[in-house]
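The values are calculated or read from the model by the stated rules, or taken from the named source; none is laboratory data. This structure is a prediction, so every number in the text was calculated from the model and none was measured. So basically every Cβ, Gly included, is an ideal-geometry build from the backbone, and we count neighbours across all protein chains shown.
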Amino acid sequence: MSRYLTAIIFKPYLLGMEMDTVDRAIEDWGRERPDVDAQGLGVVSRIVLLAKLFGSRDKRALAPLGLAPWAADVLLTLRRQGPPFELSPTRLRKYAVLTSGAMTTRLDRLEEAGYVRRSMDPRDRRGILVSLTEEGRELADRAVEARLGEVRRALGTLAEGERRAVEAALRSVLVNLQRDSIVPP
């Protein structure tokens, strides 16, 4: 790689961009281990850091509703199914990428709070369905508004074209990783 190209890659400020902590880490690795290509860190480290930051913001946005992000995930998964707002625990677990034990614990807590109910599946005597209660649906509607409001604020610095470009790039990486993963598409 030419010295000029290395300078541009490791020094975004030369292009009029503000450096972030990831740029500094890449620059450090370029200095300390010039024999390794650290450019992949530019994408992966930012995704990891953004996930942490978005998680904190999500938690803060849901706190006034008395809702943890894990609970919102379950309620919103059911809500987005449309009436009658129900799924089997297995399908719900796959959407949430959880073990059956973790899903059972979460459903127990949500059922105790009165947000979901479990009932026998009329199409399968061995099956169970999890559905939103009216209170759970109302809370899910408030939660999606809080969550999407926070997303709009967080992504407010991006122009529409930039947001779509980031979305397309991340979709490509996710689809590729899901091919080799247990995470359902």
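Looking only at the range 18-40, filter to residues that are in contact with a Phe, Trp or Tyr (Cβ under 7 Å, 6 or more places away or on another chain) and surrounded by 11 or more Cβ atoms within 10 Å (Cβ to Cβ); which one of those is modelled with the lowest pLDDT?
Looking at the filtered set, the residue picked out is Ala38.
Would you check if there is a residue in the range 114-134 being under 20 Å from Ala63 (Cβ atoms) and assigned to a loop (DSSP other than H, G, I, E, B)?
Yes, the range 114-134 contains a residue that is under 20 Å from Ala63 (Cβ atoms) and assigned to a loop (DSSP other than H, G, I, E, B).
Taking the range 126-185, which residues are modelled with pLDDT of 90 or more, surrounded by 12 or more Cβ atoms within 10 Å (Cβ to Cβ), within 24 Å of Leu92 (Cβ to Cβ) and not hydrophobic (A, V, I, L, M, F, W, C)?
Listed by number, the residues that qualify are Ser131, Thr133, Glu135, Gly136, Arg137, Glu138, Asp141, Arg142, Glu145, Arg147, Glu150.
Conditions: (1) in a helix (DSSP H, G or I); (2) exposed (fewer than 13 other Cβ atoms within 10 Å of the Cβ); (3) hydroxyl-bearing (Ser, Thr, Tyr). Thr77 meets all but one. Number of the miss?
Looking at each condition in turn, Thr77 falls short on (2).
Checking Ser181 against (1) farther than 19 Å from Pro83 by Cβ; (2) among the polar types (S, T, N, Q); (3) part of a strand (DSSP E or B): exactly one of these is not met. Which one?
(3)
Counting only residues that are at pLDDT 95 or above and among the acidic types (Asp, Glu), which one in the range 110-125 is surrounded by the fewest Cβ atoms within 10 Å (Cβ to Cβ)?
Glu112
When you go through Gly82, Gly55 one by one, which is the residue that is in a helix (DSSP H, G or I) and free of Cβ contacts under 8 Å to residues at least 24 places away in the same chain?
The match here is Gly55.
I need a count of the residues in the range 93-113 that are outside any loop (DSSP other than H, G, I, E, B) and of a type in the set (A, V, I, L, M).
5
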